[in-house]
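What follows is a short report on a single structure.
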2 protein chains.
Amino acid sequence: MAPSPRDASPALQDRMNDVVEGVNKTIARLLPESDLAEAPLYEAMRYGTLNGGKRLRPFLVMESAALFGVDAMRARRTAAAVEFVHCYSLIHDDLPAMDDAQLRRGKPATHVAFDQATAILAGDALLALAFEVLTDSDTHEDPRVRCELVTMLAHAAGPQGLCGGQMLDIIGEKADFDLGTISRMQRMKTGKLISFACEAGAVLGKAGDPQRRALVNYANDLGLAFQVTDDILDVEGSAAETGKDSGKDGKAGKSTFVSTMGKDPARARAEMLVAQAKAHLNIFQGRADTLKEMADYVLQRRA
Amino acid sequence: MAPSPRDASPALQDRMNDVVEGVNKTIARLLPESDLAEAPLYEAMRYGTLNGGKRLRPFLVMESAALFGVDAMRARRTAAAVEFVHCYSLIHDDLPAMDDAQLRRGKPATHVAFDQATAILAGDALLALAFEVLTDSDTHEDPRVRCELVTMLAHAAGPQGLCGGQMLDIIGEKADFDLGTISRMQRMKTGKLISFACEAGAVLGKAGDPQRRALVNYANDLGLAFQVTDDILDVEGSAAETGKDSGKDGKAGKSTFVSTMGKDPARARAEMLVAQAKAHLNIFQGRADTLKEMADYVLQRRA
């Protein structure tokens, strides 16, 4: 029997709260308030990032980095960078020319709270800033590591990652995609950034190949499971729980896992993926249990 | 008497043509045609970059790098990266929510030739790709150099560069800026990327501080001169010559050098800046004459 949706365990919730608090402080420090004439840009950047997100990607960076003893202060910079890229993509995806979403995390989307021009620029600026944060020596003392992080994040953000995935998503409103194309789209749209988050911890910690590969494999399965449950929540969830307009994808005629496979097979697929994701972490012999718990949480979350 | 507008000298024109040809080949190789479902994204990226631009920024990278004997094949990657950032900013600036321009370089703007969503994503993807290009070891063998280029380019593109400048530009449609704010806006909107182009040559060549500073000073004066002449061309030029809708800034109520200073003082200012720009290059004892010629050309160009 499938487990019913539930909250995170108290231990996982504590750890998630720690990450949220830490990364929010780092983000706020990297995005100071401004009294210059261009202040609305900074306000929109803060609005689009400091908005109560669950910080899944920062969590994955912090937990992966902790496996290799990486200093948390430093890992938090990489966590902030990946969240900048995630938030930039949400700001642009919500624009009228894209998904035309009014709500994000239960509040007006950035282009609604400000205007479209400011939202476009805030997204652009967050994307650029992510790379500036990564190449600062405070992020890692070794420039090889910093370069590798930039290459990985740029790849995850670019035409073969977020941008290509969002392009497919828009094309998918008018085309029927097969399961292979939907999987590829979701890998680009969600999976690659989640993979970046997990792999970044290994890169920051100069982990060996087997450990690094284990985290990437975990992330690939987790990312797909995350997207499948997102599609299920889009059908099932209420706007009050998800903070988004629900049923939106179906209405827009988008090809999703649920529309293609049906809801029950989609849920079974997500469960299989989560089991697989957790198995990859056995190499860490019990030291990665928080990441395993997170995989369970992704499956069982309500929003 | 002010020199009348003219074309580049045959020698400068030859060198400019070489740069255009070389960098266009590099851009085309970095942006291959695609037969995937997301092909429109790649088409829009190619459309927005391979569109007959003069390649001023790549020219500055190549000429600055040549001063220090940097391999042209490698410098061309940095030249392509800066042009990706420039073209991304043009694609986004032309959007209806921003400057709402229909024409760019005499052809329909990217959002007109494709659609707004594709144009937004093509811009985003070009920005991300620029950083992926820079951190590849083909760009430079030293990861310190690659990191420094990323830091500089991200800074020039982010809230303190292009994005902040464009934010000011939009705010300036409804506010009266003083000359100090206009100068700061143009420094962010145009100057910083031109400075990046010149400084990148010095960074690639591991130049000494005085040489590097000379190139930055040259670039700062050149960038401002470029913008002042742009404002003059906006008032004087025809769409046939500039490839843009002329008189657009004045109609939009934008604060420009011309609207604030008047046309003749603006031209005198540009001439002074170009003379100053050229003087900074005396340190190279005649080896930087092509860069000096480029400064004259910026002043005297018709488009």
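A quick yes/no check of all residues on (1) part of a helix (DSSP H, G or I); (2) in contact with a Gly (Cβ under 8 Å, 6 or more places away or on another chain); (3) within 26 Å of A:PRO96 (Cβ to Cβ); (4) among the hydroxyl-bearing types (Ser, Thr, Tyr):
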residue	(1), (2), (3), (4)
B:LYS25	yes, no, no, no
B:ALA37	no, no, yes, no
B:GLY52	no, yes, no, no
B:MET62	yes, yes, no, no
B:GLY69	no, yes, no, no
B:ALA101	no, no, yes, no
B:HIS111	yes, no, yes, no
Worksheet entry | Yes/no for A:ILE194 being more than 22 Å from A:ALA75 (Cβ to Cβ) and either in a helix (DSSP H, G or I) or within 8 Å of chain B (Cβ to nearest Cβ) (or both) | no
Discussion item. Give me the residue from the stretch A:107-164 that is of a type in the set (Val, Ile, Thr) and more than 16 Å from B:GLY123 (Cα to Cα) and, out of that set, surrounded by the most Cβ atoms within 10 Å (Cβ to Cβ).
Written reply: A:THR110
Practice prompt. Residue by residue through the stretch A:114-155, note down the ones that are of a type in the set (Val, Ile, Thr) and over 30 Å from B:ASP99 (Cα atoms).
Written response: A:THR135, A:THR139, A:VAL145, A:VAL150, A:THR151
Practice prompt. Please verify whether the stretch A:138-145 includes one or more residues that are part of a helix (DSSP H, G or I), touching a residue at least 12 places away in the same chain (Cβ under 8 Å), within 29 Å of A:ALA37 (Cα to Cα) and in contact with a Lys or Arg (Cβ under 8 Å, 6 or more places away or on another chain).
Written response: no
Worksheet item: Could you say which residue among A:ARG46, A:ARG57 is more than 26 Å from A:ALA288 (Cα to Cα) and basic (Lys, Arg)?
Response: A:ARG46
Worksheet item: Which residues, counting only those in the stretch A:76-106, are in contact with a strand residue (DSSP E or B) (Cβ under 8 Å, 6 or more places away or on another chain), among the polar types (S, T, N, Q) and crowded, with 21+ Cβ neighbours inside 10 Å?
Response: none
Worksheet item: Identify, please: which residue in the stretch B:26-56 is in contact (Cβ under 8 Å) with a residue 40 or more places away in the chain and farther than 18 Å from B:LEU90 by Cα and is, among those, farthest from the other protein chains (Cβ to nearest Cβ)?
Response: B:THR26
Worksheet item: What are the pairs, 6+ residues apart or on separate chains, where a residue within the stretch B:152-176 that is at the interface with chain A (Cβ under 7 Å from one of its Cβ atoms) and part of a loop (DSSP other than H, G, I, E, B) has its Cβ under 9 Å from a residue that is surrounded by fewer than 21 Cβ atoms within 10 Å (Cβ to Cβ) and not polar (S, T, N, Q)?
Response: B:PRO159/A:TYR42
Practice prompt. Answer with yes or no whether A:ILE182 is at pLDDT 95 or above, more than 8 Å from every other protein chain (Cβ to nearest Cβ) and either within 15 Å of the chain's Cα centre (by Cα) or in a helix (DSSP H, G or I) (or both).
Written response: no
Fill in: Close pairs (7 angstrom Cβ cut-off, 6 or more residues apart or separate chains): more than 7 Å from chain B (Cβ to nearest Cβ) in the stretch A:111-127, among the aromatic types (Phe, Trp, Tyr) and crowded, with 20+ Cβ neighbours inside 10 Å anywhere
A:ALA113/A:TYR47; A:GLY123/A:TYR88; A:LEU126/A:PHE84; A:LEU126/A:TYR88
Item to complete: Return yes or no: is A:ALA39 more than 16 Å from A:THR78 (Cβ to Cβ) and in contact with a helix residue (DSSP H, G or I) (Cβ under 8 Å, 6 or more places away or on another chain)?
Response: no
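The values are calculated or read from the model by the stated rules, or taken from the named source; none is laboratory data. Quick caveat: nothing in here was measured; it's all calculated off a predicted structure. Note that each Cβ is placed from the backbone with ideal geometry, even for glycine, and that neighbours are counted across all protein chains shown.
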